[in-house]
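Below: one structure, written as structure tokens.
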């Protein structure tokens, strides 16, 4: 970024406050002693007692066989996790921490509501630029788009827009982001792809 | 030919002989066969030659002769004459070396030194143009004069100063510069340099920044850092340089090179720390004005950190000698613009710039008590006002964090309760705000909605800092905090991931180091009171309580009380007729075990009590329980016995020898008398309950020293214990007996009696092919026996391994499959048969097993593959289980071995690993999981290149993709989610460059295409479908893998630049 920063002092959310998925802790290990803490503080308790011969077939598949049946469909939180770690092109701070993307502004809907058996889905992501005249909004939108297209299965359609009322030229930007040809042309641009690749570097 | 002529002929190509010639002449002079005058005269014809080479050789001759003379041989006059001679001839090669020899003589006077110095300075032009090694001699001579005759040079004043600068001007060689910098530093520090400040400064600053990079294999070992350090010493050596150095260094911060900026900041810090405080004060505000940008708009963290150090060091220097704080102090003047700037930035504390402002405040305020007071005076009040008017919790939180940074500075300045630094006489300026802080932080911690976890955590951290700050809070105030923490832990429901509770526990543990009394008086009783008398099976909240107690019992006093209380609870439980579930006593034992394993028991004065209460009493109770003579059956629960055993084990290990001998006598009787308990050993009719006490016996045995005297002879013990291990018992009991066997054989069996163990091993093997089926218990016993023998590298190791391998080819499928799994036992680290328990584990045992087994397994599999191909038509009995069994055995070995051992065998190994990935069945999941683990390690360590070298990239990638696939239609789970994740992880690692090989990408860039390129499209296409896996973890791994292939495997690597 050789040019002046557009917004040198944005508000930053604490990473601990960002929405995350609460997972039920893996209980298989702690079950014998009923305590996760002791199981992790004294790993030998759970490790050493294993007898490779008799525990062999049960232990790995046990916890999985019942889990295998349970499907975990792609949800908004998962989309959020995919894009919130993208770095802002101006700051070494993630889009999540800058509140450029937020959980309530992500929606997943069937692409063809009239055809219930269709698996096609549309993901809509609304972006909130840190300031209303941010010229980098298009780049950010493009970055989000690229990330989702790389990371979602083919049956998903991606729709990235600027959130209403948060940008002075939102319509213009939206038009650019929705135009397949222009997106494709932009992705041919080496410099732009360089910027986007740098933004996506932090995605883990 | 004269000696001189010979010398001049050989000196260029044979230094050795030249020296010998000179030594001969020196001897002649000593024995008066000739004299110095004659030697000098003999030079006559060459010394005035027009050819400087000839003159140089002639002078070198004289130098060589003088060097060869004994040190005190020359008289004062001779030294004088020679010095003058050399000085006259200083331009000729060899003269400098001659003077250098002479100046070491005792009879070398001050006048001579001055003469030499003048000769050097006057001829700087000629000397400068010499070759590097000769210039080096010149500097060395000057350096010697500096150390031996410094006063003379000092008296010469400006002459020597200017002379030295003239002499070194234009020097470029790093070795020479090292010397030059150290000579110059002496002048800078000791000479009166007032007339030549700029000249001197420029002479060294010309070299800034140092961009020298040592050549590869540099024999002198001078690094850029060495030069930087010496140069920095020069620049920072004198305050008079400040008008030149500080502006120049600050200018360098405009550089685009990070390294130049780093050097400039380091030099600046050095200047700040060595210039006089007055000088530092003069430039302090200029420095702040410039380097604040490095912090506020930080590009690189290290630059920002260096800048913070500079600010801190200025504050520290300006605090020197300050006793009374006033606005007129240079320190106050320096801090004024800083606090002004920070206050401004902190007005919106949730924004990006607030963080650097916090860091600036922290760095400057921790410099000294004076600095801290000045900053607190102007910063805290506005922060508190802001806090009162803050409109959102984010803002409040940022303010709390800012204050916490100041508290941390306060701790640096005033110390913690436990600090050993002397107490400062200065008053802590935060005392004024004590009540306000207590209220704000208390309110934020306890008066906020429970969902605002991170806000409450910030409050908790601030409160904790204040509680550990020395002489700040009163006991009652810390007590209040402790009560808050108790309340959070005991009364509050879990929210989210329980981060707040984790922090609260950590805070209690921290406070217990500083104020153990408060924890003992407030927390401890509150928590112990919630422990039930017995477990009713419904409420298991005692587990959380015990976890917390275990974590806060760091301090000795608390630890002691906890152990005593818990032991009491336990003995009460053992007395009850209806003690409830065994989970509670087990949890209590676990807690004791945890806290004891955190401490050094050897030095614990309570060791005798633990021995009595835990080892003796509990073991005896367990024995009574086994004989049905106890009130309840708590101590017959195998998991309770296991924890009790571990506990006894760590106590026994720490006991004095006499006590350990007592334990040795009671390993099997368990401290019970003959009529109370009949030992399991040698008993024909031991019940399951009795057998279970072997768990305890095993742990006791494990804790004993190797040379203990066991109560029975090996020839009695071993057969009995082995016969028990091959008969069917409960799993926990059997594992204990197996370990017991292994302990006896590995740790206690003398080398001379090893044949006893091998004989037992042989007796358990199937005798003939007809009776090929043997029981699972026997197989386990075989493997544990083998383990104990192999780890000590018994002579029969190879034979044992071959016998075990032959079990795999057993026509009986069960035998073969169980044996295959047994290979994981051989090298697996075991808790009981461990180095801490004194097991005999030889370093090379793992390698030995690996190198013995791998070729055998590989050969066997090759044989199976070829016979199945050729003889498919023939009606040979199908033995399809044999190949998977070999692969299982292989994965068992691989999972217990370090990857460094695996690498050299990779060409043999890789085809085997790929074949095991081909086992697309449900039972093979564990084998394939182990294979993928091994592959992941191989790939991570050495990248794709090793796989390419073996020519397996395509086949590996195809198999990985197949394993990552999820097939909805199949009824049986062939690829479980974990397996799919592991396969994707391998794909991810493939595309990721290996971590340690720093220069690998450079090689790849040199025109070599990535070996992954041919499969790139295949991988990307297949992974697109894996992105739709029903499992989230799998999708995540697929996203990562796909991202890595998109990024890391470039179509045209040249484009990257």
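What the table shows:
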quantity: Residue identified as in contact (Cβ under 8 Å) with a residue 60 or more places away in the chain and either touching a helix residue (DSSP H, G or I) at 6+ places or on another chain (Cβ under 9 Å) or outside the structural domain of residue B:728 (by TED's automatic domain parsing) (or both) among B:678, B:684, B:690, B:660; calculated: B:690
quantity: Residue list for the range B:101-128, restricted to those being closer than 21 Å to residue B:65 by Cα, surrounded by fewer than 15 Cβ atoms within 10 Å (Cβ to Cβ) and more than 52 Å from the chain's Cα centre (by Cα); calculated: B:106
quantity: Which listed residue is more than 14 Å from chain A (Cβ to nearest Cβ) and at pLDDT 90 or above, from B:956, B:909; calculated: B:956
quantity: Number of the condition not met by residue B:873 [criteria: (1) modelled with pLDDT under 90; (2) surrounded by fewer than 14 Cβ atoms within 10 Å (Cβ to Cβ); (3) within 14 Å of chain A (Cβ to nearest Cβ)]; calculated: (3)
quantity: Scan of the range A:112-152 for residues that are surrounded by fewer than 19 Cβ atoms within 10 Å (Cβ to Cβ), within 14 Å of chain B (Cβ to nearest Cβ) and in contact (Cβ under 8 Å) with a residue 60 or more places away in the chain, ordered by number; calculated: A:131
quantity: Residue within the range B:326-336 that is within 14 Å of another protein chain (Cβ to nearest Cβ), surrounded by fewer than 21 Cβ atoms within 10 Å (Cβ to Cβ) and outside any loop (DSSP other than H, G, I, E, B) present; calculated: no
quantity: Selection status of residue B:531, closer than 29 Å to residue B:673 by Cα and surrounded by 17 or more Cβ atoms within 10 Å (Cβ to Cβ); calculated: no
quantity: Residue B:705, sole failed condition from (1) within 14 Å of chain A (Cβ to nearest Cβ); (2) in a loop (DSSP other than H, G, I, E, B); (3) within 38 Å of the chain's Cα centre (by Cα); calculated: (1)
quantity: Per-region count, the range B:517-567, residues within 14 Å of chain A (Cβ to nearest Cβ) and out of contact with any helix residue (DSSP H, G or I) (no Cβ under 6 Å at 6 or more places or on another chain); calculated: 7
quantity: Positions within the range B:798-834 being surrounded by fewer than 22 Cβ atoms within 10 Å (Cβ to Cβ), part of a loop (DSSP other than H, G, I, E, B) and more than 13 Å from chain A (Cβ to nearest Cβ), in sequence order; calculated: B:809, B:811, B:812
quantity: Unmet requirement for residue B:584, which otherwise passes all of (1) touching a strand residue (DSSP E or B) at 6+ places or on another chain (Cβ under 6 Å); (2) under 22 Å from residue B:483 (Cβ atoms); calculated: (2)
quantity: Meets criteria (at pLDDT below 75, loosely packed, with under 13 Cβ neighbours inside 10 Å and more than 7 Å from every other protein chain (Cβ to nearest Cβ)) for residue A:8; calculated: no
quantity: Evaluation of residue B:758 against (1) outside any helix (DSSP H, G or I); (2) more than 14 Å from chain A (Cβ to nearest Cβ) (one fails), failing number; calculated: (1)
quantity: Selection within the range B:725-736 - without any contact (Cβ under 8 Å) to a residue 40 or more places away in the chain and either surrounded by 14 or more Cβ atoms within 10 Å (Cβ to Cβ) or touching a strand residue (DSSP E or B) at 6+ places or on another chain (Cβ under 9 Å) (or both); calculated: B:735
quantity: Matching residues, the range B:761-797, being outside any helix (DSSP H, G or I) and more than 25 Å from residue B:846 (Cβ to Cβ); calculated: B:766, B:767, B:768, B:769, B:770, B:771, B:772, B:773, B:774, B:775
quantity: Selection within the range B:470-486 - touching a residue at least 24 places away in the same chain (Cβ under 8 Å) and part of a helix (DSSP H, G or I); calculated: B:475, B:477, B:478, B:479, B:480, B:481, B:482, B:483, B:484, B:485, B:486
quantity: Count - residues of the range B:440-469 that are surrounded by fewer than 19 Cβ atoms within 10 Å (Cβ to Cβ), more than 14 Å from chain A (Cβ to nearest Cβ) and not in a helix (DSSP H, G or I); calculated: 2
quantity: Of all residues in the range B:613-650 being touching a residue at least 60 places away in the same chain (Cβ under 8 Å) and not in a helix (DSSP H, G or I), the one that is surrounded by the most Cβ atoms within 10 Å (Cβ to Cβ); calculated: B:627
quantity: Inter-residue pairs, beta-carbon under 8 Å, first in contact (Cβ under 8 Å) with a residue 60 or more places away in the chain and in the range B:487-515, second not in a loop (DSSP other than H, G, I, E, B), 6+ apart; calculated: B:514/B:416; B:514/B:467; B:514/B:468; B:515/B:467; B:515/B:475; B:515/B:478
quantity: Conditions (1) touching a residue at least 24 places away in the same chain (Cβ under 8 Å); (2) within 14 Å of another protein chain (Cβ to nearest Cβ); (3) farther than 22 Å from residue B:1025 by Cα: number failed by residue A:166; calculated: (2)
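The values are calculated or read from the model by the stated rules, or taken from the named source; none is laboratory data. Predicted model only: the values in this text are computed from it and were never measured. No Cβ is skipped: glycine too gets one built from the backbone with ideal geometry, and neighbour counts run over all protein chains shown.
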